[in-house]
1. Looking at segment 5-20, which of its residues are of a type in the set (Gly, Ala, Ser) and not in a strand (DSSP E or B)?
2. Tell me the residue from 67, 38 that is touching an Asp or Glu at 6+ places or on another chain (Cβ under 9 Å) and without any contact (Cβ under 8 Å) to a residue 60 or more places away in the chain, please.
3. Could you tell me how many of the residues in segment 21-32 are under 22 Å from residue 73 (Cα atoms) and either assigned to a strand (DSSP E or B) or acidic (Asp, Glu) (or both)?
4. If we keep just the residues of segment 33-68 that are in a strand (DSSP E or B) and either among the β-branched types (Val, Ile, Thr) or on the phi > 0 side of the Ramachandran plot (or both), which is surrounded by the fewest Cβ atoms within 10 Å (Cβ to Cβ)?
5. Identify all residues within segment 66-82 that are small (Gly, Ala, Ser), farther than 15 Å from residue 30 by Cβ and modelled with pLDDT under 95; write none if there are none.
6. When residues of segment 1-32 are filtered for being under 18 Å from residue 65 (Cα atoms) and touching a residue at least 12 places away in the same chain (Cβ under 8 Å), how many remain?
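The values are calculated or read from the model by the stated rules, or taken from the named source; none is laboratory data. Remember, it's a predicted structure, so these values are computed and weren't measured experimentally. Every residue, glycine as well, gets a Cβ built from its backbone with ideal geometry; the counts of neighbours run over all protein chains shown.
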Amino acid sequence: MAIVGSVSFVCDHCGKKHSLGASELEFQVAAVTDDQQGEHIHYVFEYESNCDACGKRIDIEFEVWEGPVGTINHTDFTLSGAREVNENFKVDHPK
């Protein structure tokens, strides 16, 4: 399974809108736990780049918690150099 989707955000310095598509989101598994409801997976993706308009640094860490399997139950992010973050994530089940 993998987390797929898209993200958009605005540079805090110049206001340029940026977007990331599914091919740019490289979530890694940070932790896997089991309980009476089944398996729970914590995914993390760290975006680090410079704004292509003004050159200011943008850092965003996205976190997604899946559990039970196939269900996203929580998302969060921490950011520096960006604002107005919009995310659209889902769990991709390979067929």
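1. Selection gives 15 alone.
2. Testing whether each residue is touching an Asp or Glu at 6+ places or on another chain (Cβ under 9 Å) and without any contact (Cβ under 8 Å) to a residue 60 or more places away in the chain leaves just 67.
3. 6
4. The qualifying residue surrounded by the fewest Cβ atoms within 10 Å (Cβ to Cβ) is 33.
5. 70
6. 14
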